[in-house]
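The structure appears below as structure tokens.
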Amino acid sequence: MSNASQDDNAVKGKKKLYVKTYGCQMNVYDSERMVETLGGSGYEEVSTPEDADMILLNTCHIREKAAEKIYSELGRYKDLKVEKPDLKIGVAGCVAQAEGEEIIRRQPLVDLVVGPQSYHKLPQLEAKAGRGVKALDTDFPEEDKFEYLKARPKAKRGPTAFLTVQEGCDKFCAFCVVPYTRGAEVSRPADRILTEARDLVERGVRDITLLGQNVNAYHGAGQGGVWGLAKLIRELAKVDGLERIRFTTSHPNDMEDDLIAAHGDCEKLMPYLHLPVQSGSDRILKAMNRKHTAEQYIRLIERLRAVRPDIALSGDFIVGFPGETEQDFEDTMSLVREITYGSAYSFKYSPRPGTPAAEKGDRMVEDHIASERLQRLQALLTQQQREFQESMVGREVKVLFEKKGKYEGQMVGKSEYLHAVHADVSDVNIGDIRTVKIISSATNSLRGEIV
Ligand code: SAH
Ligand code: SF4
Ligand code: F3S
């Protein structure tokens, strides 16, 4: 940083915070809240690490690659730290929770380590850390980590937002670190969620995605007793000005009758559902501790499609889970062919320290076989995604416009099915929902014109 800009900072009196976010949407939500939290300590967000007085990485531990990325990113800050000895470097998120002190041992540049349930302690940790003093907190306290933010002044924001309603997971799928990094399932009380939603709407939000590692297991305290996710969605739907509701990520075993019904009769609940199945082989599903069969998943999707025929489905898949045979993999391919996904994510199995699958030491699928299977699965999923997108051409869809496009007069928004849609517009504002006729489909987006 030049002296001139350092002087500017001094004049403005604001310290600069650079946050880089990895992993799932919950980390995106948490990062936003951490920026607000550190706002109270005199920080404002900047977009480059070179300008920062504090760098905070909000990390993901889900696969080995995700976790290793953090160390290479930290290594890049070496020169910056030499240049600016007061620079504070923090690691938050799931790597912080999983590795704790080990992070500081491996990378002594790090001043602060904070686990996902301790973000409300950031101001104290930040004040303590730096110039050789390390601060660490990876507890799982009882209190709601962002509850105190209620009192802060709120800025205007864009038309879409995430809202965490549930955190943690009790499912213990054999491959997954989440129950260890995020802890046991905790649902936020319904009134706090409704208050936060109303507040978001007042600030310009029209589309809210409810978040949870296991969001459809939501069971929060509400008026008259415990509310499930369906009840919460129906109450949120009564909020004037909130036009669209989505939720992610769900487990098939928690798709209860009233939630399926809501997909049919709650107009604000969007026709899009991310419902990971991981594998189409019953043998592998059992080894993964998913506690359902491929057939049960297929029947579930049938019930959803019965109430909402146009629902777009998305999923997650793991290939190369220990013991997976060619036949098991073929079962996954058949399931994908039978379901037809609008989009999906697929990963090669990555053994994670501390998880049952990694500890059991079952025979690993050879890497080149797993890679080849992943390629075949991704080719099929990509083809389905393209076909689904192309099926939109000629149709009229409702688009919520989110921002200006690359070209003059163009705006970009999302369809109800979560497709990105570009359109040439003249009298459309950010946050408007308009009917758009789709005229063409590109790799990752659609183009249309306002009807
Ligand atoms: N809570 C979500 C998933 C969170 S992790 C759910 O239950 O659906 C997101 C995805 O990462 C998982 O659905 C799974 O497909 C993948 N994943 C998790 N652990 C993995 C591992 N050890 N190796 C490869 N992929 C993994
Ligand atoms: Fe992980 Fe399974 Fe919980 Fe999802 S349901 S977060 S995959 S343990
Ligand atoms: Fe990653 Fe933690 Fe989310 S491991 S996927 S950041 S819950």
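The values are calculated or read from the model by the stated rules, or taken from the named source; none is laboratory data. As the structure is a computational prediction, the values presented were derived from the model and not from experiment. No Cβ is skipped: glycine too gets one built from the backbone with ideal geometry, and neighbour counts run over all protein chains shown. Only protein heavy atoms, including side chains, enter the accessible area calculation; ligands, DNA and RNA are left aside. Shrake-Rupley method; radii C 1.70, N 1.55, O 1.52, S 1.80 Å.
Side notes on the structure shown:
- When PHE317, PHE321, PHE329 are screened for being in a loop (DSSP other than H, G, I, E, B), surrounded by 19 or more Cβ atoms within 10 Å (Cβ to Cβ) and among the hydrophobic types (A, V, I, L, M, F, W, C), only PHE321 passes.
- The stretch 265-293, residues that are hydrophobic (A, V, I, L, M, F, W, C) and either surrounded by fewer than 20 Cβ atoms within 10 Å (Cβ to Cβ) or modelled with pLDDT under 95 (or both): CYS266
- Cβ-Cβ contacts under 8 Å between residues 6 or more apart (or on different chains), taken from a first residue in the stretch 45-72 that is within 20 Å of PRO351 (Cα to Cα) to a second residue that is outside any helix (DSSP H, G or I) and more than 16 Å from ligand 3 (Cβ to nearest atom), are listed as TYR71/GLN107.
- Count of the stretch 311-347 residues which are within 16 Å of ligand 1 (Cβ to nearest atom) and over 30 Å from MET270 (Cα atoms): 7
- Here GLN296 clears all of (1) within 16 Å of ligand 2 (Cβ to nearest atom); (2) touching a strand residue (DSSP E or B) at 6+ places or on another chain (Cβ under 9 Å); (3) in contact (Cβ under 8 Å) with a residue 40 or more places away in the chain; (4) assigned to a helix (DSSP H, G or I) except the condition numbered (2).
- Hits in the stretch 218-234 (condition: touching a Leu at 6+ places or on another chain (Cβ under 8 Å) and open to solvent by 10 Å² or more (accessible area, probe 1.4 Å)): GLY222, GLY228
- Any hit, the stretch 255-276, residues being without any contact (Cβ under 8 Å) to a residue 60 or more places away in the chain, on the phi > 0 side of the Ramachandran plot and of a type outside the set (A, V, I, L, M): no
- When THR248 is tested against (1) in contact with a Lys or Arg (Cβ under 8 Å, 6 or more places away or on another chain); (2) open to solvent by less than 20 Å² (accessible area, probe 1.4 Å); (3) of a type in the set (Ser, Thr, Tyr), just one condition goes unmet, and that condition is (1).
- From ALA262, ALA237, residue being open to solvent by less than 10 Å² (accessible area, probe 1.4 Å) and among the small types (Gly, Ala, Ser): ALA262
- Restricting the stretch 43-62 to residues that are in a loop (DSSP other than H, G, I, E, B), of a type outside the set (Ser, Thr, Tyr) and closer than 21 Å to TYR29 by Cβ, the residue that is farthest from ligand 2 (Cβ to nearest atom) is VAL46.
- For LYS121, the conditions (1) free of Cβ contacts under 8 Å to residues at least 24 places away in the same chain; (2) of a type in the set (D, E, K, R); (3) under 26 Å from SER250 (Cα atoms) are fulfilled apart from (3).
- Any chance LEU374 is surrounded by 16 or more Cβ atoms within 10 Å (Cβ to Cβ) and closer than 30 Å to ALA174 by Cα: yes
- Look at (1) more than 26 Å from the chain's Cα centre (by Cα); (2) modelled with pLDDT under 95; (3) part of a loop (DSSP other than H, G, I, E, B) and you find that GLU359 fails only one, number (3).
- In the stretch 392-432, of all residues being open to solvent by 80 Å² or more (accessible area, probe 1.4 Å), part of a loop (DSSP other than H, G, I, E, B) and not polar (S, T, N, Q), the one that is farthest from PHE247 (Cα to Cα) corresponds to GLU408.
Table: residues versus (1) within 16 Å of ligand 2 (Cβ to nearest atom); (2) farther than 25 Å from PHE329 by Cα.
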| site | (1), (2) |
| --- | --- |
| ARG244 | no, yes |
| PRO276 | yes, no |
| GLU302 | no, no |
| ASP310 | no, yes |
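- GLU196 vs. criteria touching a helix residue (DSSP H, G or I) at 6+ places or on another chain (Cβ under 7 Å) and either open to solvent by 10 Å² or more (accessible area, probe 1.4 Å) or away from ligand 3 (no atom under 16 Å from the Cβ) (or both): no
- In the stretch 433-451, the residues that are open to solvent by less than 50 Å² (accessible area, probe 1.4 Å), farther than 24 Å from GLY204 by Cα and in a strand (DSSP E or B): ILE438, SER440, SER441, LEU446, GLY448
- Conditions (1) touching a residue at least 24 places away in the same chain (Cβ under 8 Å); (2) under 30 Å from ARG192 (Cβ atoms); (3) open to solvent by 40 Å² or more (accessible area, probe 1.4 Å); number of the one not met by GLU101: (2)
Table: residues versus (1) within 16 Å of ligand 3 (Cβ to nearest atom); (2) open to solvent by 30 Å² or more (accessible area, probe 1.4 Å); (3) not assigned by TED's automatic domain parsing to the domain that holds GLN107.
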| site | (1), (2), (3) |
| --- | --- |
| GLU143 | no, yes, yes |
| LYS154 | no, yes, yes |
| CYS169 | yes, no, yes |
| VAL177 | yes, no, yes |
| ARG182 | yes, no, yes |
| VAL186 | yes, yes, yes |
| ASP191 | no, yes, yes |
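- Condition met for ILE339 (within 18 Å of GLY280 (Cβ to Cβ) and open to solvent by less than 20 Å² (accessible area, probe 1.4 Å)): yes
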